[in-house]
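First the structure, in the form of structure tokens, and then the observations on it.
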Amino acid sequence: MTENRRKAEDRLKTYGGVREHAANGRVIGGADSAAGKTAGKKSGKKAGKQSVRMPGASTVRNPGMRLRILCLAASLSVSLPVTAWASPEFAYSTEKWASLRDNVMEYEELADLIHEYNATIINNRLEYDDYRGKSNDDLKNAYQDVADHLYDASDKMMDTTDEDQPGYGSVAANAALSRVQAEQNQDTADSMNEDGYVKKMEYDRQEASLVKEAQTKMNSYWQKAKQTPALEEAARTAQSQYESMGVKAAQGMATQAELLAAQEKVEAARAAIETNEKEQDALRRELCVMTGWSYDAEPEIREISIPGMEEVDRIDLAADKEKAQETNYSQAANERRLKHTGNGNQFDVMVRKVESGLQHIEADVEARYKQLKQAQSDYIQAEGEYQVEARSAQAAERRYQLGAISKNEYLQQQGGLASKESARDIAGLKFRQALEDYRWAVNGLAQTEGA
């Protein structure tokens, strides 16, 4: 260390600009550093991306809908061709492109919609170009070069000024900031254990997670839709009972308290419908933004099919546990990091993480399987209860036609049937969700760390 540099560091200590490397450990990690560097770039563009949709070529999905691609295209057109962030036309068949570009959202298309039109995935695709094919040494050297540049900048600032010169405090503060940034980049370079493959695993995992999230939201959307008939039937029953109670109150056969209680049931039933509608609408908007539509778009959202019982019966749990360990994105990334980690505390941490990751994956798949079996059992039970209620409703229909039961009794029976039908349909959707959760655990998204 030169004498000037030593003096500069001594002076910078008074500004809090120098710390010992070993004392505080790593400030910015490899992945965190990359995320931090790109956060600023994302923030200015995200709003534009979220409101656009990028077809594989240049055809806008629906001329009547809000602009989806102009903001992002304008920001990128100076330096990047459209093909840098959208799949080429030959990526799918003509029929498939037409399906992706129509105003219909289908469960089976969610993965492709996320891949082509999700703003985060488009941004990741652009960012990955900075890491594609990069070795661990490439990433280390990149951070080391930045650190060296910042160290030199800090030294030059302090070498060209004296304490008695005007503006010394400002120069010293800037030099201190430059040195802190240099040390952060130096720490990152020293501990860097990633390469382009690790980055790809992280981006692939994020895309898979977004597809899973979209599937879950669509499932929840349809659970709300299936709940609607039961809520509406309950509201009709409550209204009928309130009207009947009003007649009784007028005849002196019911108290005001009873009439008020009936009225509160009507209001509660209407409030439940309104809440359900708002929650369903919120899910629709979230799905639209995730898959490239504008926030206020109203695409047709197709129903989700319920899997057959045979799909669960075909599961080989032991084989799936092995597959889950082989396909897990986080585990693959950690195993690659371990290869690039030198001896020492960081190496020991990575060894434990890789070993525990395998155990957590196996445990997560096991837990998902148990949840799937429970959801399957719940669906079977809900179907049975609906069939019993349907037979009771048919009997009530005949009795009502014969005048053997009152209108309120008949409506209560119909409300019970609607409730059981909704319960069956929702149980079927939960069964589908449990199956998807299990599949995702097997195909790369099992938890590698404890909750």
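The values are calculated or read from the model by the stated rules, or taken from the named source; none is laboratory data. Model, not experiment: these values are computed from the prediction. Heads up, the Cβs are rebuilt from the backbone with ideal geometry, glycines too, and the neighbour counts pull from every protein chain shown. Quick note on the areas: whole protein, heavy atoms, side chains included, nothing else; ligands and nucleic acids left out. Shrake-Rupley method; radii C 1.70, N 1.55, O 1.52, S 1.80 Å.
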Checklist entry - Within the stretch 145-176, which residues are closer than 27 Å to Q346 by Cα, open to solvent by 40 Å² or more (accessible area, probe 1.4 Å) and among the hydrophobic types (A, V, I, L, M, F, W, C)? => result V146
Checklist entry - Counting only residues that are of a type outside the set (S, T, N, Q), farther than 20 Å from A297 by Cα and loosely packed, with under 14 Cβ neighbours inside 10 Å, how many does the stretch 262-285 have? => result 5
Checklist entry - On the given criteria, is Y197 touching a residue at least 24 places away in the same chain (Cβ under 8 Å), open to solvent by 40 Å² or more (accessible area, probe 1.4 Å) and either more than 30 Å from D145 (Cβ to Cβ) or not hydrophobic (A, V, I, L, M, F, W, C) (or both)? => result yes
Checklist entry - How about the stretch 91-121: which of its residues are in a helix (DSSP H, G or I), within 21 Å of K217 (Cα to Cα) and open to solvent by less than 20 Å² (accessible area, probe 1.4 Å)? => result L100, Y107, E109, L110, L113, I114, E116, Y117, A119, I121
Next on the checklist: Going through Y242, Y221, Y203 one at a time, which residue ends up being over 30 Å from Y386 (Cα atoms), among the aromatic types (F, W, Y) and in a helix (DSSP H, G or I)?
Outcome noted: Y203
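Table: residues versus (1) modelled with pLDDT of 95 or more; (2) closer than 26 Å to A441 by Cα.
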| residue | (1), (2) |
| --- | --- |
| T216 | yes, yes |
| W222 | yes, yes |
| K226 | yes, no |
| P229 | no, no |
| E233 | no, no |
| T237 | no, no |
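Here's the yes/no breakdown for (1) open to solvent by 70 Å² or more (accessible area, probe 1.4 Å); (2) part of a helix (DSSP H, G or I); (3) modelled with pLDDT under 95; (4) of a type in the set (K, R):
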{"residue": "Q374", "(1), (2), (3), (4)": "yes, yes, no, no"}
{"residue": "I380", "(1), (2), (3), (4)": "yes, yes, no, no"}
{"residue": "E389", "(1), (2), (3), (4)": "no, yes, yes, no"}
{"residue": "E397", "(1), (2), (3), (4)": "no, yes, yes, no"}
{"residue": "N408", "(1), (2), (3), (4)": "no, yes, yes, no"}
{"residue": "G428", "(1), (2), (3), (4)": "no, yes, no, no"}
{"residue": "F431", "(1), (2), (3), (4)": "no, yes, no, no"}
{"residue": "V442", "(1), (2), (3), (4)": "no, yes, no, no"}
